[in-house]
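Following: one structure in structure tokens, then a few remarks.
Taken together, the values in this text are just the output of simple stated rules run on the coordinates, not laboratory data. Given the structure is predicted, the values throughout are model-derived calculations rather than measurements. Every residue, glycine as well, gets a Cβ built from its backbone with ideal geometry; the counts of neighbours run over all protein chains shown.
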Amino acid sequence: MEKQNYTVSVYTENNLGLLSRIAAIFLKRHINIESITASQSEVHEVMRFIIIVQVTEDQVKKIVGQIEKQIEVIKAFYHTDEELIYQETALYKVRSSDFVEDFDIQSFIKKTNARIVTVSPKFFVIEKTGERHETESLYEKLKPYGLMQFVRSGTIAVSKNEMPISEILEKFNTSNTIQ
Amino acid sequence: MEVKTAGFKEVSPKETVKVSGAEAVIKCLLAEGVEIMYGYPGGAIMPVYDEIYKYKDKILHVLTRHEQGATHAAQGYARVTGKVGVAIATSGPGATNLITGIADAHIDSTPVVCITGQVGSHLLGSDAFQEIDIVGLSTPITKWNYQITKASEIPEVLARAFYIARSGRPGPVLIDITKDAQFESLDFSYKECTGIRSYKPVPEVNLLQVERAAEAINNAKKPMIVFGQGVILGGAEKLLKEVIEHAGIPAAWTILGLSALETNHPLNVGMVGMHGNYAPNILTNECDVLIAIGMRFDDRVTGNLKTYAKQATVIHFEIDPAEVNKNVHADIPVLGDVKETLKLLLEFLQPKKHEKWFSRFQELYNIEYEKIIKNALTSKGGEVGMAEVINEINTCSEGNAIIVSDVGQHQMVACRYAKFNSTRSNVTSGGLGTMGFALPAAIGAKMGSPNREVVAVIGDGGFQMTLQELGTIFQMKVPVKIVILNNSFLGMVRQWQQMFFEKRYASTEMVNPDFITIAQGYHIQTKKVTERAQLQGAVKEMLESKEAYFLEVVVEKEECVFPMITTGASVSEIRLE
């Protein structure tokens, strides 16, 4: 089976230590996490992890099974790129002097669909949100001008199909007398 | 708005009292029905030990000689009783010493709650004396773990701990409690945990899958069952027997499934796996329907997966969805508690007898008997063989003893030759293969099952890993019977060296102390057997003793355990020599 990009989405209780519990599942199988983000989800007080890995489908299935087994994990899903809308954000810090001299800044920003976050006499901070190839292409364009700093976020993604977390939680609430 | 993530049930009588965190811990244990805990005191857990002192009439604390012993004893207790075992230790080295036992309980699905003390919360992260991140360390080997830093958390967290440890596929839970949380006071009332919204212990049964399984079994010409510990954990031993008898299916077991079906049941065809019986291993690759019940296709069971039961329709009865399709593809997975699914299955099963198919098992058994079993069990002159000792224990105990085995050759021999009449009689370290498991586990087994004979069968290597627990046996007057099969070798490794490393016996020969003197130092009755003629009398005397008894049997030095499926080989390539 071919390795490919899979996005693992994990809905969890907001619990201290859960990140290392989930990360340990990858570590145990010697699988590198390409990117990981954690944030609040659409459900009140439920967290969502987005983890990108390069594995086979067989591997990702088993990993999702192991993740779901963790007590505080409500549900885990895996998706291929085609099943998702996904984005990354990159920040580029460029020296103002290098940048302004050779550059038609306005048309550059327009062409690349980037955004200037901050302008100061010393540096510019440019932000670009998009798919990996887009942030990478901007990186290549800016590199000759001397990037002072570059950073890219983990991938965030939403699936085209539904993820019925609220229903799962509702089902628990109705079947359990919560006192 | 505070989100409720778990359900709780009032425990009557409802009471709210002001107590310290440490006292709350004991009150929680009592509310959960804990009678015995195993542990070792130290600085960060002293407030709890002070309460153990005050509550000593209500709850028994057993001081082991090492924290590893505490976890194994808790495991032994849990394995024979089905209740949650409890181990308790201090921070730092006390906590790290629990790790092996926790890992063992994790891989063998044993319900254990471990409580560790931790440095005061204001010291967390300061590299304080005996500070260790035990939550971080134990994460990959616990079903759940949690650090308590406020006394008010204690009742709910411990309620969750017990619920998680025993429900679904059981496992170990570790609760770390900072010292200040033990001193702090709280308004205590205990509510039992009834559910956690993010945790589904038992998957819903899909009746269609049960029907599909039944259909495959009804149409099978050569069905075979392999059952594991899931049958015991699910309390489904009777149902298993009904299924086997009703549908006339030969049934084999994994080492943790052993004793779920009595050894002398006509359809019990023995052990699968590396040192299992000849017939069930060979016929795994001849059956047309393989029915796996509460087992997880460990590599020691399957041998080479590429050639494992490829001809068969595989039905997998399993409580843990992550186990389905993990190692072996299940054509018909049946998720759920086996107690439920086997009951449903029975309704659809047609009565059958597979006499011709069963006779294949007998034919192959006869080959194994002639080549191996006969020689192992009968005197052939020379030194005593390990199987002879197990056989003598069988005879003298009439198959009614609990046998706790350690890890290595003697373990495989014990599992192969021990006879059991009732369930929860075989206690051994299966998945982790923890040498040193048996002696402390036998303490827990005996205390959990005081009316039964408990015999620990241990090699000379494994015994020396936890022999300090003789001190626990002496102090607590635990009447366990200890049989050391002494071949002055790390026998299993030596066997591999003989077979695969051209007899280069690297660090496997042991120059041993006089074990008898050691046991006598603990004032335990002893006997040493060096000749066959002494064996029967010694085993008899041991089993008749009302106290702890230490029997050392000097066995053949370079015995090999056969049959054997060598690494990478197929189950059907099992070797008889």
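Computed quantities for the displayed model
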{"item": "Mean ellipticity per residue at 222 nm, deg cm²/dmol - from DSSP H runs of n ≥ 4 across chain A, formula -39500 (n - 2.57)", "result": "-10000 deg cm²/dmol"}
{"item": "Over chain A, relative contact order from alpha-carbon pairs under 8 Å, at least 6 apart, %", "result": "25"}
{"item": "Cross-link table B:LYS241/B:LYS356; B:LYS446/B:LYS546; A:LYS171/B:LYS150, entries beyond 22 Å C-alpha to C-alpha", "result": "A:LYS171/B:LYS150"}
{"item": "Sum of -39500 (n - 2.57) over DSSP H runs of 4+, divided by residues of chain B (222 nm, nearest 500)", "result": "-10500 deg cm²/dmol"}
{"item": "Cα shape, segment B:207-361, gyration tensor, a/c 1.5 rule", "result": "rounded"}
{"item": "Hydrodynamic radius (Kirkwood) for the protein assembly as shown, which is based on Cα pairs only, to one decimal in Å", "result": "28.5"}
{"item": "Shape box of segment B:383-554 [Cα atoms, principal axes, largest first, Å]", "result": "47, 35, 35"}
{"item": "Label-point gap, in nm, between B:ASN375 and A:ARG132 - each point 7 angstrom along Cα→Cβ", "result": "5.9"}
{"item": "Likely footprinting exposure, B:ASP57, B:ASP176, A:ASP104, fewest C-beta neighbours within 10 Å first", "result": "B:ASP57, A:ASP104, B:ASP176"}
{"item": "5 angstrom amide H check on A:GLN4, placed H, neighbours 5+ away", "result": "A:VAL55, A:THR56"}
{"item": "Rg and Dmax [Cα atoms of segment A:1-136; Å; Rg one decimal, Dmax integer]", "result": "19.2, 57"}
{"item": "Centroid-to-centroid separation of segment B:514-559 and segment B:233-247 [C-alpha atoms, Å]", "result": "38"}
{"item": "Net charge of neighbours whose Cβ lies under 9 Å from the Cβ of A:PHE150, counting Lys and Arg as +1 and Asp and Glu as -1", "result": "+3"}
{"item": "Local net charge near B:CYS193, Cβ-Cβ under 15 Å (Lys/Arg +1, Asp/Glu -1)", "result": "+1"}
{"item": "Residue order, fewest to most beta carbons within 10 Å, for B:VAL112, B:VAL205", "result": "B:VAL205, B:VAL112"}
{"item": "Antiparallel content of DSSP bridges confined to the protein assembly as shown, in %, to 5", "result": "45"}
{"item": "Amide H partners (placed H, <5 Å) of B:VAL404, local residues excluded", "result": "B:VAL427, B:VAL455, B:ALA456, B:VAL457"}
{"item": "All-pairs Cα distance distribution in chain B, expressed in whole percent, bin size 20 Å", "result": "21, 51, 26, 2"}
{"item": "³J(HN,Hα) computed for each position of segment B:237-248 - Karplus, 6.51 cos²θ - 1.76 cosθ + 1.60, integer Hz, glycine/proline x", "result": "4, 5, 4, 4, 5, 4, 4, 4, 6, 5, 9, x"}
{"item": "Estimated distance in nm for a label pair at A:TYR139 and A:ARG152, the labels positioned 7 Å out from Cα along Cα-to-Cβ", "result": "0.4"}
{"item": "Cα-based shape type of segment B:33-119, given that a ≥ b ≥ c are square roots of the gyration tensor eigenvalues and the cut on a/c is 1.5", "result": "oblate"}
{"item": "Residues B:CYS396, B:CYS560, B:CYS114, sorted so that the one with the fewest Cβ neighbours within 10 Å comes first", "result": "B:CYS560, B:CYS396, B:CYS114"}
{"item": "Euclidean distance between Cα centres, segment A:117-149 to segment B:346-415, Å", "result": "72"}
